[in-house]
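See structure below.
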Amino acid sequence: MVLSEEILKVKYRKEPFSTFEIEKGTVLTPSAKQFIADKGIELVFVGEEIKKTEVLNNDEKLNSSEKYEKQENYLERYKYTGVNGEFYLEKPEYMTQIEGNTLILKSNKRIVFRAKVETFLSELLLVAKDFEIFNGSEKLTRDMESLIKFVSNILVAESLDKVLENQSLLDGKNLSTIKDVAHNPKEYLGRAHLLELSLKNDITVLKLNRLKALARELETFAVEYFVQGDRVFRKDLLHAFNILSSAIYIMMIKADKEEYKN
């Protein structure tokens, strides 16, 4: 339920009140919150006992400083705020908390983006563990661990609003080198591009191909989140997601060359 200033004013004109009963989960608009504070109205949850000492008439006995302090006490009852300025007495299940007590919908692009990164990271961990158990190649494990660390750093950089810098992948290669190798595998790896895959390919190649496809899908979510019209945010992360699929592609070629065989 949303409680607006208009609703309060209509009720107040009919009969002034010092307390107002609401259900838990009620959303107050900014103007409704201000109206309540200005009138010194006490909000009471349905079923709560109303304290007689907190009625409107008592405000007449307070000086301006005390009235301001009492108003501040009313404001403290609102535990959360929304990105559009709305106020919440408790956190709705369909919202999540970011940056202090600010709430946003769980369907917000930022939350969807983070969920996609976490989903990819979980898939990456499972595949890495599978390789560790059934492949046993230390070289493959090291390369997978570098991917895991890279994606984890992306998640941290976005969450803490920090610049992602000085990153390396696949035996310490910087991001520019990763891009060059992926674009010129014949020159760097002695193998042409993998243009077609089939059931004849090794299972390691096919699993890495799945990760590459998921990485590209993740990049599209990053673009949707960080590119808003002609404004581009977090170019460092957009570049990182672009490099991620390139790094996995390099691993596919290495696997096809049987470099990960024991």
Legend entry - Options I203, I253, I248, I243: the member that is over 18 Å from F150 (Cβ atoms) and touching a residue at least 60 places away in the same chain (Cβ under 8 Å): I253
Inset, instruction - Of the conditions (1) at positive phi; (2) at pLDDT 90 or above, L125 clears all except one; give me its number. - result: (1)
Legend entry - Scope the stretch 166-199; condition open to solvent by 70 Å² or more (accessible area, probe 1.4 Å), polar (S, T, N, Q) and either touching a strand residue (DSSP E or B) at 6+ places or on another chain (Cβ under 8 Å) or touching a residue at least 60 places away in the same chain (Cβ under 8 Å) (or both); matching residues: N174
Inset, instruction - Having 1 or more residues that are among the aromatic types (F, W, Y) and within 30 Å of the chain's Cα centre (by Cα) is the bar; report the helices (runs of 4 or more DSSP H) wholly within the stretch 175-262 that clear it. - result: 203-226, 235-256
Legend entry - Filtered residue count, the stretch 206-224, keeping only those that are small (G, A, S) and either without any contact (Cβ under 8 Å) to a residue 24 or more places away in the chain or more than 28 Å from L238 (Cβ to Cβ) (or both): 1
Inset, instruction - Tell me the helices (runs of 4 or more DSSP H) entirely within the stretch 1-79 that contain at least 1 residues that are more than 23 Å from T96 (Cβ to Cβ) and modelled with pLDDT of 65 or more. - result: 5-14, 30-39
Legend entry - Sole exception among (1) of a type outside the set (K, R); (2) at pLDDT below 95; (3) surrounded by 15 or more Cβ atoms within 10 Å (Cβ to Cβ); (4) at negative phi for V163, by number: (3)
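Residue check: is K139 part of a helix (DSSP H, G or I) and either touching a Ser or Thr at 6+ places or on another chain (Cβ under 7 Å) or of a type outside the set (G, A, S) (or both)?
Working: part of a helix (DSSP H, G or I): yes; either touching a Ser or Thr at 6+ places or on another chain (Cβ under 7 Å) or of a type outside the set (G, A, S) (or both): yes.
It is true that K139 is part of a helix (DSSP H, G or I) and either touching a Ser or Thr at 6+ places or on another chain (Cβ under 7 Å) or of a type outside the set (G, A, S) (or both).
The values are calculated or read from the model by the stated rules, or taken from the named source; none is laboratory data. Computed from a predicted model, the values in this text were never measured in an experiment. Here Cβ is always computed from backbone atoms with ideal geometry, including for glycine, and neighbour counts include all displayed protein chains. With ligands, DNA and RNA removed, areas are computed over all heavy atoms of the protein, side chains included. Shrake-Rupley method; radii C 1.70, N 1.55, O 1.52, S 1.80 Å.
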